[in-house]
Each structure stands twice: as C-alpha cells, then as structure tokens.
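See below for the structure under consideration.
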Amino acid sequence: MQAFVKRAISLAALLCLAAPLGAAPAKSQKQLADSMEKKIAAVRENGARERPKGQTTVFAQDEINAYFAERRLPMPEGVRSVTFDLTPGKVFSRARIDFDEITRERRNRNPLMHLFTGTHNVEVAARATSAGPGRVRVNVESVAIGGVTVPRMALQFFIERFVNPKYPNVRLDGEYTLPSRMDSVTIETRKGTVLQK
C-alpha cells in the first residue's frame, strides 16, 4: 500500500511538472492588443469592399481589454482606464475617470453635479441586443461611482451637459447603426462576435 501511495504521489508530481511544459504560453498584453488590431483591420477592409464576403470575427474579452489598456483607441478626456466583462447579452465595464477634467470647461452649480467631481472608479452595466440587421440596441441598466449607484436623472443631465457636446450620439438607451457593414454583434461569455454578410 505504501509503495502504491508513493507511486501515485510521484505520478501526480510528474503530471504537475509536465503540464506547464505542454501548455501554450499565455499571450502578452501587446500580443493580445495586436491581435485585436488585426481583426479590426480585417473587419474594416471587408466592410469597405463593394461586396463584403460573409465573415465572422470573434473578439476575445482579453483582446478587447488589452487593446484599451494599450490605448490603441484614443480615450475620451478624463478616462484613465477601462476594462470589460462580457456575458451573454451584457457588457459590464469598469473605468477610472477624472470628472474634473471632463467638466473643466463647463462647471455647474447643480447639486446633482456633486456626484461628478474628483477621480473615481466607475462601474457600468449595460444590455446589448440586436435591433435588426446592421443595428444594435444598448440599454444602460446601472452606473455606480465609487460604489454609489447614480440616479438615472443625474446621469442623463451629466451626459447632456458634458458628454453630448463632444459625443452627440452617446445616450443611456439607444439604437446604433453598426459600422463596416456589420450585420450583427453578439455578446457572449468573454467574447463578442461580429457577423458581416
């Protein structure tokens, strides 16, 4: 019995040591961001064709987060960082935002605006669903700043006053036309899938 236990322990140790040798090394943040960039270029190139080919492109959550961490896409002023968690039909994002930078040019004495001062962690939960071919519907379900849920009325006021002058299409709920002749975007667990037809 003792010999059997020793062999079992030896076998388990051997498997633990050998497993990492056979596993593919994890991709670096740069490699993930590069992969995302190539996929975006392929989607744009296909969308620019006179007759786009049917193409499915999967963007992994890790690629998306690396792409934003590497700041491959210019971030709006005041946004220091952003990450995304994807689950079926939902996007949960966390950002570090400097509200004073966003509101610098347009101060407001409205008491609701007290929520939007300083630098804070912001959490946003949104639902993303199809609104028909080539369109997506986004509904923001909740926003929390520093762990405090922000009333919808305050969010609406902030967006209209400080965000819409530079980004007029941003709203809490709305339908958007997909770019690059995308037919649909499906949010799944840890990935987003783009279909072009």
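Any read-out appearing in this document is the output of simple, stated calculations on the displayed coordinates, not a laboratory observation. Every value quoted in this text rests on a predicted model; they were computed, and no experiment measured them. Quick reminder, even Gly has a Cβ in these numbers, built from the backbone with ideal geometry, and neighbours come from all protein chains shown.
Data table
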| read-out | value |
| --- | --- |
| Net charge of Cβ neighbours under 9 Å - reference T119; Lys, Arg +1; Asp, Glu -1 | -1 |
| Cα gyration tensor, the chain - rounded (a/c under 1.5), prolate or oblate | oblate |
| Counted charge near N164, where neighbours are those whose Cβ lies closer than 12 Å (Asp, Glu -1; Lys, Arg +1) | +3 |
| DSSP-assigned coil residues among trypsin sites (Lys or Arg not before Pro) in segment 144-193, each with at most 15 further Cβ atoms within 10 Å | K166, R190 |
| Charge context of S180, other residues only, Cβ under 11 angstrom, K/R +1, D/E -1 | +1 |
| Kirkwood Rh and Cα Rg combined as Rg over Rh, evaluated for segment 71-156 | 1.01 |
| DSSP H segments from the chain that extend 24 Å or more along their own axis, Cα-based, with Kyte-Doolittle mean of -1.0 or above | 2-22, 29-48 |
| Range in the chain, longest, excluding exposed GluC sites (Glu not before Pro) [loop by DSSP; at most 13 other beta-carbon atoms within 10 Å] | 106-197 |
